[in-house]
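Before any comments, here is the structure.
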Amino acid sequence: MKPFFILLIIANLLFINCNAQNSEKIKTIAGNEFQKKVENIQKPQLVDVRTPEEFDVEHLGNATNINWNSPDFESKIKVLNKKKPIFVYCKAGGRSIKAATKLAELGFTEIYNLEGGILSWNSKNLPIKK
């Protein structure tokens, strides 16, 4: 029984350490700061992780739609440059933080998540494409 508990403790420590490393790579920022960072980067990697239907209704300018719920999310995201900053957003922030965590696991080093998603963006009257 002791070896089981020791393995369980080791597994928990590894899990906590991995999560801490990923959280250092992910910065959740408010809309105004998100907009400034995107504007200050030439050809930003801006990813909308909502469904294509949601994306068609409205999205941020120059965003690429890579649906978090799609089975090919990982293969589509892998074509992006891991060394360049990547900006992700969704409707309210739930899907984008999951996507950001996945990006960190895949080796992306600088990830920005839009706090509150496009709902928050719209509440601040920031520019949108319809």
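Computed from the coordinates by the stated procedures, all read-outs in this text should not be read as laboratory data. The model shown is predicted, which means the values in this text are computed figures rather than measured ones.
The table for this structure:
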read-out: Sequence-distant lysines (8 or more away, or on other chains) whose Cα lies within less than 19 Å of residue 130; value: 91
read-out: Largest-first principal axis extents of the Cα set of segment 78-120 (Å); value: 28, 15, 15
read-out: Alpha-carbon Rg/Rh ratio, for segment 26-76, with Rh computed the Kirkwood way; value: 0.99
read-out: Nonlocal amide H pairs with residue 28, under 5 Å, H built at 1.01 Å; value: 113
read-out: Those aspartates and glutamates that a straight Cα-Cα span of less than 12 Å connects to residue 27, excepting residues fewer than 8 apart in one chain; value: 110, 115
read-out: Convex hull projection area averaged over all views, segment 24-123, Cα basis, nm²; value: 5.7 nm²
